[in-house]
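Report on one structure; see the data block that follows.
Every number here is computed from the coordinates shown, using simple stated rules; none is lab data. Quantities reported herein were computed from a predicted structural model and do not represent experimental measurements. Every residue, glycine among them, receives a Cβ derived from its backbone with ideal geometry; neighbour counts consider all protein chains shown.
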Amino acid sequence: MFVVPEDVSAFHKGNLDALLKFTDTLAQASEQLFDLQVKSAKAGTAEAIKQLRALTGAKDVQEFVSLQTSFSQANAEKVFGFARAVYGWATETQAEISKLVDGQVSELNKSLATTIDKAAKAAPSGSEYAFAAVKQAMSSANQAYDAITKASKQVVEMTEATVASTANSIAPAAAKKKVA
């Protein structure tokens with residue numbers, strides 16, 4: 001038998017530590033999002049009250065329409081800013097979770113390789129080919145995981161570039177509308 005109780009205990013301790021890190025990361029991310037939403041809600045409410053007071057003080061229809069147009073543009077920019085902040089939060093949270101998952105996968109691979117090596121040493125002669133096949137399958141799975149990870153990082157980079165490009169093109173367009 002090649003399973004040692006200390007190895008099993010260490011494996012479960014490592015999994016518990018990883019779970020606690022993951023939970024802590026999610027709790028911090030949730031707290032950040034909640035804080036962003038509360039601050040945005042407070043600012044939005046204050047701005048809405050300010051705008052309503054300005055609209056009720058309008059002396060004629062032309063001033064009312066002018067105020068309403070300028071408030072609409074300002075509100076659209078604020079909503080866009082909030083969306084950018086949420087996107088930034090999501091990107092940061094995804095990066096943290098990816099680091100945790102990558103670390104856990106790496107540790108799992110090391111643990112599995114060690115277990116396979118121990119099993120191979122304790123196995124009867126003639127089983128080397130079976131263990132070689134298992135190691136080859138592990139290597140192939142790791143290569144596939146690396147390829148998927150690399151592809152997902154490229155998708156994230158492309159998405160970030162698209163969002164940045166869109167943000168850069170919307171801001172000047174909003175400024176042109178204000179001037180017009």
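Summary table below
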read-out: Nearest-ten-degree value, helix 5-56 long axis tilted from longest Cα axis of the chain; value: 0 degrees
read-out: Fewest-first sequence of 60, 102 by Cβ atoms within 10 Å of each Cβ; value: 60, 102
read-out: Coarse-grained scattering of region 48-116 at q = 0.18 Å⁻¹, given as base-10 log I(q)/I(0) from a Debye sum over alpha-carbon atoms; value: -0.79
read-out: Charge context of residue 28, other residues only, Cβ under 14 angstrom, K/R +1, D/E -1; value: -3
read-out: Set of lysines with alpha-carbon distance to residue 50 below 19 Å, sequence-local pairs under 8 removed; value: 39, 42, 59, 78
read-out: Student exercise, region 2-68 dipole from Lys, Arg, Asp, Glu Cβ charges, in Debye to nearest 20; value: 440 debye
read-out: Within-13-Å neighbourhood charge of residue 39 [Cβ basis; K, R +1; D, E -1]; value: -1
read-out: Chain lengthening between residue 155 and residue 45 when straightened (0.36 nm per residue, less Cα-Cα); value: 36.0 nm
read-out: Translational D in µm²/s for the chain (Stokes-Einstein at 25 °C, 0.890 mPa s, Kirkwood Rh from C-alpha pairs); value: 112 µm²/s
